[in-house]
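Enquirer: After the structure tokens below, expect a handful of questions from me.
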Amino acid sequence: MKLRYLLLLCLPLTALAAEDTIITESTSTSDVTTTTKLESPPPSAITPTMNISNSDLCTVGVAGAVQTQILGISMGTTVRDMNCEKLKNAKTLYDMGMKVAAVSIMCQDERVFDAMMNAGTPCPYQGLIGEEAKAAWIANVEETPVEIEAEEILDEKTKQTLWGLGSIFALLLVLL
């Protein structure tokens with residue numbers, strides 16, 4: 001009888017054990033599309049500022065910048081204004097009472113020289129003024145001021161700057 005009770009007691013345990021095991025199957029299918037928008041500032045080469053606001057300087061600032069997707073270059077320099085220097089020197093000499101020397105500086109320009117000759121007031125020639133200066137200029141025509149060719153104006157610094165710019169542009173062309 002004890003065996004019966006034992007069997008009756010074990011039977012519900014087997015039923016409970018069978019109920020604990022549950023097998024579940026599930027299938028899931030999904031299509032995912034993702035779009036990412038990346039916003040960043042564009043690369044930029046910034047031109048250097050050339051502060052030459054002082055009116056007593058005879059220089060002009062020149063600056064520039066070039067930017068590609070890979071490389072950005074900026075540079076700047078100042079260029080002497082020779083005509084401005086000539087005018088300042090003539091004005092300074094005139095203000096000091098040296099009028100003939102001031103006129104001599106202005107006469108280095110071919111246009112001023114021609115205007116003075118056409119007006120009948122020739123430029124000074126080695127200390128001579130008036131008709132004596134006119135006769136000396138006629139006798140020494142080879143010493144009259146002539147327009148300087150553009151090739152002669154380029155000094156070494158300008159040539160180096162042009163070579164540098166050419167090299168930079170060649171590099172940029174290779175990178176494009």
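The values are calculated or read from the model by the stated rules, or taken from the named source; none is laboratory data. Just so it is clear, the model here is predicted, and its values are computed rather than measured. Note: ideal-geometry Cβ built from the backbone for every residue, glycine included; neighbour counts use all protein chains shown. Ligands, DNA and RNA are stripped out before the accessible areas are found, and what is left, the full protein with its side chains, is counted by its heavy atoms. Shrake-Rupley method; radii C 1.70, N 1.55, O 1.52, S 1.80 Å.
Enquirer: Give the lysines whose C-alpha is closer than 27 Å to that of Lys99, dropping any in the same chain fewer than 8 places away, or say none.
Expert: Here the lysines satisfying the reach criterion relative to Lys99 are Lys86, Lys88, Lys91, Lys134.
Enquirer: Related question: So if I place +1 on the C-beta of Lys and Arg and -1 on the C-beta of Asp and Glu, and nothing else carries charge, what would the dipole magnitude of the stretch 49-118 be about its Cα centre? I want it in debye, nearest 20. Display every interim value, and only then the final one.
Expert: Details: 6 positive and 7 negative charges, 16 e Å.
Dipole about the Cα centre, nearest 20: 80 debye.
Enquirer: Solvent-accessible area per residue for the stretch 66-127 at a 1.4 Å probe radius, Å²?
Expert: On the way: 4070 Å² over 62 residues.
I get 66 Å² per residue for the stretch 66-127.
Enquirer: Hey, another quick one. Using a ≥ b ≥ c from the Cα gyration tensor of the stretch 56-129 (square roots of the eigenvalues), is it rounded, prolate or oblate, where a/c under 1.5 gives rounded and otherwise the larger of a/b and b/c decides, a/b for prolate?
Expert: It comes out prolate by the Cα gyration axes.
Enquirer: Karplus couplings for the stretch 29-40 from phi (6.51 cos²θ - 1.76 cosθ + 1.60, θ = phi - 60°), rounded to Hz, Gly and Pro as x?
Expert: Values per residue, Gly and Pro as x: 10, 9, 10, 10, 10, 10, 10, 10, 10, 9, 10, 9 Hz.
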